[in-house]
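Note sheet for the following structure.
The values are calculated or read from the model by the stated rules, or taken from the named source; none is laboratory data. These numbers were taken from a predicted model, which means no experiment stands behind them. Glycine also receives a Cβ, built like all others from the backbone with ideal geometry; neighbour counts cover every protein chain displayed. Note: areas computed on protein heavy atoms with side chains; ligands, DNA, RNA excluded. Shrake-Rupley method; radii C 1.70, N 1.55, O 1.52, S 1.80 Å.
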Amino acid sequence: RRQRQMCIRDRINTLGEQSLSEATSLALSLEYYNGLRIQSLIDYPSETAFYQNLCAFLSRAKDTLSYDRAYILYRGLEGRIAYLADADYGANLQEGVDYHGIGAEYSDDRYTSQCRSILESQFDGRRSASFVPDILDGSYITTYLPIHDTQGQVIAVLGVDARLGYSDFAQYGPINFERTATIAALLFLISLVPVSYTHLRAHETPEHL
């Protein structure tokens, strides 16, 4: 039984490292291109054109990398961790039902006290990008990646939930993320960050995928 547990733990670590590696490019692109605007959105939260653009970027990343969820979190003045942007956002969708609006508390049942501990450490600058070393809600590997301002302070955290694809976890069957990411796809995503939401949607044609 101990050997079995160790095997499962090794697989979780392998999948977590994979998720961490893939999501790092997304976090770096957000930080490099949009650090100042992300801070401005935190200071003056509203569904601006940039907010829509940010959600569209997350949505594109979610679809291309086959994430279950992709979102950006921030920590308010009272220490409450909340959503800043959600890949599931849509102008015609209902906030609180279809997506998490700006300022909605990050308190979904999926996320454990360990998740919050990791996030607190990251916002305090005491922890770098990390994955939660457990399978959440029976199916997910969650990864958190800090986003810094020009002074190196953590202003937000990118979170991604990757759904596990497996045939028989208990019997150590093959486990793989259900994703089709390539370097080309990542570069495509990074190139979309600075453009407007309308421009992004206008260019979602087969030749750009």
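General observations
- Accessible surface of the stretch 15-166 [probe 1.4 Å, protein heavy atoms]: carbon and sulfur percent: 44
- For the stretch 9-128, the relative contact order is 16 percent, taking Cα pairs closer than 8 Å that sit 6 or more residues apart in sequence and dividing their mean separation by the residue count.
- Between ILE147 and ILE155, ALA156, VAL157, LEU158, the built amide H atoms are under 5 Å apart, and every one of these is 5 or more places off in sequence or on another chain.
- Packing-based order for 9-22, 58-71, using average beta carbon neighbours within 10 Å, highest first: 58-71, 9-22
- Once the 1.4 Å probe is applied to the protein heavy atoms, the stretch 1-137 comes out at 52 Å² accessible per residue.
- Evaluating 6.51 cos²θ - 1.76 cosθ + 1.60 at θ = phi - 60° for every residue in the stretch 97-108, the Karplus couplings come out as 10, 9, 7, 8, x, 4, x, 5, 5, 7, 9, 4 Hz, glycine and proline recorded as x.
- Compared with the alpha-carbon gap, the fully stretched path from SER117 to SER40 is longer by 25.1 nm at 0.36 nm per residue.
- In order along the stretch 140-145, the phi-based Karplus estimate (6.51 cos²θ - 1.76 cosθ + 1.60, θ = phi - 60°) of 3J(HN,Hα) comes to 10, 10, 10, 10, 10, 10 Hz; Gly and Pro are listed as x.
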